[in-house]
Amino acid sequence: MNSRRDYRGTRAALFDGIEEGGIRASQFSSHEISEHDNDVAIEGLQDRVSILKRLTGDIHEEVENHNRVLDHMGSDMDSSRGILSGTVDRFKLVFETKSSRRTATLIASFVALFLLIYFLTK
C-alpha cells in the first residue's frame, strides 16, 4: 500500500503544473518572462527526468529480481524432472518381470486393505 502512495506522489510530481494551463503572466517584459519561464520549465523537466530515471531503475531492478526467480524455478523444475524420470525408470524395471508384478500387486493390495480398514474404523 505504501508503494502505491509513493507511486501516486511520484506521478503527481511528474505531471505537476501540466493540467493547470502552464505559464502564468507576470510584471516582467516578454523577454524576461520567456527567460524566467524557460528556466522554470528546464528545472521542471530536470525534476521529471530524474523521477523517470529513478522509476526506470526501479523497474529494471524488479525485472532482474523476477528473472532470477524464474531461472531458479526453471532449474528446480529440471531437477524435479530428473528425479521423476529416474523413479519412472525404476517402476518400469520392477514391472518388467511377472514375479515383480505379482509382488507389486500383493503390496498394493495390502496398502489398499490397510487404508480401507483405517477409514472404516475412523
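Bear in mind that the values in this text are calculations on the coordinates, not laboratory data. Note that the structure is a prediction, hence the values are computed from the model and not measured.
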Classified through the alpha carbon gyration tensor (a ≥ b ≥ c as square roots of its eigenvalues; rounded if a/c is under 1.5, else prolate when a/b is larger than b/c, else oblate), the stretch 69-121 comes out oblate
I'd like the Karplus ³J(HN,Hα) series for the stretch 58-64: coefficients 6.51, -1.76, 1.60, θ = phi - 60°, whole numbers in Hz, and an x wherever there's a Gly or Pro. 5, 5, 4, 4, 5, 5, 4
I'd like the Karplus ³J(HN,Hα) series for the stretch 113-118: coefficients 6.51, -1.76, 1.60, θ = phi - 60°, whole numbers in Hz, and an x wherever there's a Gly or Pro. 4, 4, 5, 4, 5, 4
